[in-house]
Amino acid sequence: MSASPLSIHGGNLAKEAVASLTPEGVLLAPIWKRAVAFILDVLLISILINLLTGGRYYSVLMNWQNLASKYAAYWLFHLLLHMVIYWLYFKYTGRRLHRSLGQRAMRLAVVHNDATLLSDAHWNKRAMNKLRYVIPGVGQIIGLIELSIALFSADHLTPLDKSSHTIVVIDYTLPGESRFDLG
């Protein structure tokens, strides 16, 4: 008998490659959920800042003409303050809740590859790396490029995930010891 020209494969090879990264039963978060969580975070911070400043803060920050005028130092101060606010938000929500508020709303958790929670020391690096997404005007382009990279890569990890050696998973699929420590 000759070998059959048909062969049966186990399923989606990309899903099998991703499944090999995580412990059994833990599901990686879909890219769209991660994007929505980040948008929720940005909306939350933007609304709070606008309420506290009467809408003046972002009108200064989005006026790029200030950079080439006598108000350049004033504009740079606003940019620095913008970055510090987001760094503090991502660092301390991560340290307290093991995720941001947007990720919590979308039922996501940031963990190591073995599904253990990140220690406090890891959140500073992750928060610093996440700042590239909130640079006015440029951050959105960087974010879309990195989402595209994750969408079309075999492991579905963003460059941020790879640099901080983390994965973003659906929180209710975590093992009990990790799931119960989430905020």
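Being in contact (Cβ under 8 Å) with a residue 24 or more places away in the chain and either under 17 Å from residue 38 (Cβ atoms) or of a type in the set (Asp, Glu) (or both) is not true of residue 117.
Mind listing just one residue for me: the one in the range 119-149 that is of a type in the set (D, E, K, R) and open to solvent by 40 Å² or more (accessible area, probe 1.4 Å) and, of those, farthest from residue 79 (Cα to Cα)?
Just the residues of the range 119-149 that are of a type in the set (D, E, K, R), to begin with: 120, 125-126, 130, 132, 146.
Filter again for open to solvent by 40 Å² or more (accessible area, probe 1.4 Å), leaving 120, 125, 132.
Numbers: 120: 26, 125: 20, 132: 13 Å.
Only one residue tops the list, namely 120.
So that you can scan it fast, the table gives a plain yes or no per residue for (1) in contact (Cβ under 8 Å) with a residue 12 or more places away in the chain; (2) assigned to a loop (DSSP other than H, G, I, E, B); (3) in contact with a Ser or Thr (Cβ under 8 Å, 6 or more places away or on another chain); (4) aliphatic (A, V, I, L, M):
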residue: 145; (1), (2), (3), (4): no, no, no, yes
residue: 148; (1), (2), (3), (4): no, no, no, no
residue: 156; (1), (2), (3), (4): yes, yes, no, no
residue: 161; (1), (2), (3), (4): no, no, no, no
residue: 172; (1), (2), (3), (4): yes, no, no, no
residue: 182; (1), (2), (3), (4): yes, yes, no, yes
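This table checks each residue for (1) modelled with pLDDT of 90 or more; (2) assigned to a loop (DSSP other than H, G, I, E, B); (3) out of contact with any Leu (no Cβ under 7 Å at 6 or more places or on another chain).
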site: 57; (1), (2), (3): no, no, yes
site: 60; (1), (2), (3): no, no, yes
site: 66; (1), (2), (3): no, no, yes
site: 79; (1), (2), (3): no, no, no
site: 123; (1), (2), (3): yes, no, yes
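Scanning the range 77-100 for residues that are over 13 Å from the mean Cα position of the chain (by Cα) and within 18 Å of residue 168 (Cβ to Cβ) yields 95, 96, 97.
Annotation: residue 80 fulfils all but one of (1) surrounded by fewer than 18 Cβ atoms within 10 Å (Cβ to Cβ); (2) closer than 30 Å to residue 153 by Cα; (3) free of Cβ contacts under 8 Å to residues at least 40 places away in the same chain; (4) of a type outside the set (Lys, Arg); the unmet one is (2).
Listed here are the residues, each with its yes/no results for (1) of a type outside the set (Asp, Glu); (2) under 19 Å from residue 24 (Cβ atoms).
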residue: 158; (1), (2): yes, no
residue: 162; (1), (2): yes, no
residue: 169; (1), (2): yes, yes
residue: 177; (1), (2): no, yes
residue: 182; (1), (2): yes, no
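Filtering the range 163-176 for residues that are over 14 Å from the mean Cα position of the chain (by Cα), small (Gly, Ala, Ser), under 21 Å from residue 96 (Cβ atoms) and open to solvent by 10 Å² or more (accessible area, probe 1.4 Å) leaves a non-empty set. Of all the numbered requirements in (1) part of a helix (DSSP H, G or I); (2) modelled with pLDDT under 90, residue 70 misses one, and that requirement is (1).
Of all residues in the range 103-114, exactly one satisfies the criterion of being farther than 22 Å from residue 36 by Cα and either out of contact with any His (no Cβ under 8 Å at 6 or more places or on another chain) or in a helix (DSSP H, G or I) (or both), namely 114.
Restricting the range 125-142 to residues that are among the hydrophobic types (A, V, I, L, M, F, W, C) and not in a helix (DSSP H, G or I) leaves a set whose member that is nearest to the chain's Cα centre (by Cα) is 134.
The values are calculated or read from the model by the stated rules, or taken from the named source; none is laboratory data. Bear in mind the structure is a predicted one, so any value in this text is a computation, not a measurement. Note that we place each Cβ from the backbone using ideal geometry, even for glycine, and neighbour counts take in every protein chain shown. Note: accessible area is taken over every heavy atom of the protein model, side chains too, but ligands, DNA and RNA are not part of it. Shrake-Rupley method; radii C 1.70, N 1.55, O 1.52, S 1.80 Å.
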